[in-house]
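Heads up, the thing below is written out as structure tokens.
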Amino acid sequence: MIRISSGLTGPDLALQRNLFHVSGQLQQVTGRLATLSRINSGADDPAGLIGSELIRAELAAIEAADRNAAYASATIAVADGALSQVSGLLNTIEGAFVATAGGGLSSAETAAYQVEVDAAVEAIDRIGAQTNLSGQRLLDGSTSELAFLFAPNPADTVTLALPTVAAAKLGNDDGTLTDLTSGGSLALATGEQDLAKGVLQMIRDMISQTRGSLGAFERYTIEASQEVSGGLRTFLSRAFSSIADADVAVETASLVQLELIQQSAFASVRVAGERFRLAGLLLDKIQ
């Protein structure tokens, strides 16, 4: 017995469900190609979303650590440049004491050398007071050390020690740079050239050691940390890409396939619609 119906049959309902399913898949694939991301919502891949967000946070921490490393390198460059100038001024001061050590100069010549020493000491004080980076003074004693984080883990903080460059604080038990200026206990007129040169040697050694420490910090702490973080960034970026990035080739192939299926489904729906229309006309004539 042949059954005639103008309503939806089982195959028709299956076709309708399949069309809705294909349309949903097509929308998902189109979204992935538009964003080049495989995960555009938690429903796409809940576990993948959690994993990709953890990696994203790790990458953000590494980028922040790299900015800290760049700032630390800039700090060292500024401090080292200032200390290099101090070394040059110390050489100028020592030259004046060497020139007057023989005692064959006139008092006027000695006074002229003393003016040079006073100016050099004043310049050293000025360098210590004015050397700064982004408004933060580095050598005036207000900042004895700076803390930096070159890794994602906050527990990996490292510190950079900075010296105090001030005439009244640079020296040893025999005196300071201030004592080498006019009226000081080690001024040129006192004839204490040997003691003065001992003070200068101690200060020069301290400056040299500090510059060496700054260089070692940059090479073995900053650069080593950047190398490690660079490798970690590469690994994490690959992992993030494998989880979150869309495979354009695969998604494009899926798009073509789904579009073909959708077109076939629409054609089947049109056929079913025409069948319903004809069935309705037949029933009208029978009635």
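Among the residues of the range 111-120, is there at least one that is acidic (Asp, Glu), in contact with a strand residue (DSSP E or B) (Cβ under 8 Å, 6 or more places away or on another chain) and in the same structural domain as Ala82 (by TED's automatic domain parsing)?
no
Residues being more than 12 Å from Leu200 (Cα to Cα) and surrounded by fewer than 16 Cβ atoms within 10 Å (Cβ to Cβ): count how many of those fall in the range 89-111.
Looking only at that region, the number is 10.
For Ala147, all conditions in the list (1) touching a helix residue (DSSP H, G or I) at 6+ places or on another chain (Cβ under 8 Å); (2) surrounded by fewer than 20 Cβ atoms within 10 Å (Cβ to Cβ); (3) among the small types (Gly, Ala, Ser); (4) in contact (Cβ under 8 Å) with a residue 12 or more places away in the chain hold save one; what is the number of the exception?
It is condition (1) that Ala147 fails.
Would you say Ala161 is within 45 Å of the chain's Cα centre (by Cα) and not acidic (Asp, Glu)?
yes
Against the condition free of Cβ contacts under 8 Å to residues at least 24 places away in the same chain, part of a helix (DSSP H, G or I), more than 22 Å from Ile222 (Cβ to Cβ) and out of contact with any Pro (no Cβ under 9 Å at 6 or more places or on another chain), how does Ala112 come out, does it pass?
Yes: the conditions hold for Ala112.
Considering only the range 178-188, I want to know if a residue exists there that is acidic (Asp, Glu) and either under 30 Å from Ser229 (Cβ atoms) or in a loop (DSSP other than H, G, I, E, B) (or both).
no
Those residues that are among the hydroxyl-bearing types (Ser, Thr, Tyr) and either in the same structural domain as Ser213 (by TED's automatic domain parsing) or touching a Ser or Thr at 6+ places or on another chain (Cβ under 8 Å) (or both), I need them from the range 38-75; list them, please.
Passing the criteria: Tyr71, Ser73, Thr75.
Among the listed residues Leu139, Leu160, identify the single one that is in contact with a Ser or Thr (Cβ under 9 Å, 6 or more places away or on another chain), in contact (Cβ under 8 Å) with a residue 40 or more places away in the chain and assigned to a loop (DSSP other than H, G, I, E, B).
Leu139
So how many residues does the range 188-201 have that are surrounded by 19 or more Cβ atoms within 10 Å (Cβ to Cβ) and more than 28 Å from Leu162 (Cα to Cα)?
Matching residues across the range 188-201 total 3.
Residues checked against (1) within 23 Å of the chain's Cα centre (by Cα); (2) buried (at least 19 other Cβ atoms within 10 Å of the Cβ); (3) assigned by TED's automatic domain parsing to the domain that holds Leu90:
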position: Ile203; (1), (2), (3): no, yes, yes
position: Met206; (1), (2), (3): no, no, yes
position: Leu214; (1), (2), (3): yes, yes, yes
position: Arg219; (1), (2), (3): yes, no, yes
position: Ser225; (1), (2), (3): yes, yes, yes
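The values are calculated or read from the model by the stated rules, or taken from the named source; none is laboratory data. Bear in mind that the values here come from a model prediction, so they are computed numbers and not experimental data. Neighbour counts are summed over all protein chains in view; Cβ atoms, including those assigned to glycine, are modelled from backbone coordinates with ideal geometry.
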